[in-house]
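Encoded as C-alpha cells, the structure appears first; notes follow it.
The numbers here are math on the coordinates, done by the rules we state, and not lab data. If you're wondering where the values come from, they're calculated on a predicted model, not measured in any experiment. Because the Cβ atoms are built from the backbone with ideal geometry, glycine has one as well, and the counts that use them run over all protein chains shown.
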Amino acid sequence: MEIPFLLKPIILFVVAVFLLRLTGRRSIAQMTIAQTVMIISIGAIIVEPFADKDIKKTIATATIYILLLIIFEVASFYMKWFKKLAVGNKIIIIQDGKFDEAKLKKLRLTKEEVLSRLRQEGIPKLEYVEEGTLESNGEFGFRLTPGAEPLRVQDMVYILNEVLSEDIKNRVNLTAEEIIKGKEKYKI
C-alpha cells in the first residue's frame, strides 16, 4: 500500500522526533562524533523519500516539516503531558554535592563529563553544588550551596552600605549602576 505523499513527511517527522528522543539529551555541542554522524544520517534518511526533481514536492515537504515543528513547539508549551513525552523534563543528576549514579548511567553521562562542565562554569568543587540538573535541551543547570555563589555587584553595594558609617555613605553614596560605570571607565 502506497502512503499518500502529504502523509509521508508527517509520519517521518514524528518517528524521527521520537527516535532522536531515545538517543539522549545532549545538545549538539555536547555530542560525540558518532552521535553527530547518527543525527546527520537520520536527517538524510528522512529526506530520502522526497529526493525528487519536482520542486513543488520539495517545497511542500519542507513546509510540512516546518509546520510540524511549530505544532510540536506549541503543543509542548501548552500541554505538559506532550512536553514530557516529546521533550522531557529536567533530570536531577547532583543532589547536595553528590552524583545520582543511577541517573548518570541511565543518561549515559560520565562523572568526568559533568565535572568538566562544572569547571567550565567556574565551579571548582562538586560539594558546592546543591542541585545539578540536565535540562530538557541538553544543557546543564546548577544551583550552588549558600556561600558558594559568586559575589554580585549588588551584593557588594549592600555589604559596603551596611559596613560604612553614615558620614562616609553620604560622601560616597555609590549605587550599583555607578560602580558598574566606574568599572567600565577604569577597566577594572
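A Förster distance of 25 Å, applied to the separation of the beta-carbon atoms of E130 and F82, puts the FRET efficiency at 0.25. So which of K56/K80; K84/K106; K80/K103; K105/K125; K83/K106; K56/K84 end up more than 26 Å apart, counting from Cα to Cα? Listed pairs above 26 Å: K56/K80; K56/K84. Couplings 3J(HN,Hα) of the stretch 100-112, computed from phi: 8, 4, 5, 6, 4, 5, 4, 7, 6, 10, 9, 4, 4 Hz, in residue order, whole Hz [Karplus 6.51 cos²θ - 1.76 cosθ + 1.60, θ = phi - 60°; x for Gly and Pro]. Go ahead and run the numbers for FRET between K56 and V17, Cβ-Cβ distance against an R0 of 30 Å, rounding to 0.05. Using R0 = 30 Å, I get an efficiency of 0.75. Applying 1/(1 + (r/R0)^6) with R0 = 25 Å to the Cβ-Cβ distance of I10 and Q120 gives a FRET efficiency near 0.05. Listed values for the stretch 128-139 are Karplus-derived 3J(HN,Hα) couplings in whole Hz (6.51 cos²θ - 1.76 cosθ + 1.60, θ = phi - 60°), namely 6, 8, 6, 8, x, 10, 9, 6, 5, 8, x, 7, and x replaces Gly and Pro. On full extension, the segment bounded by V163 and K105 gains 16.0 nm, given 0.36 nm per residue less the C-alpha separation.
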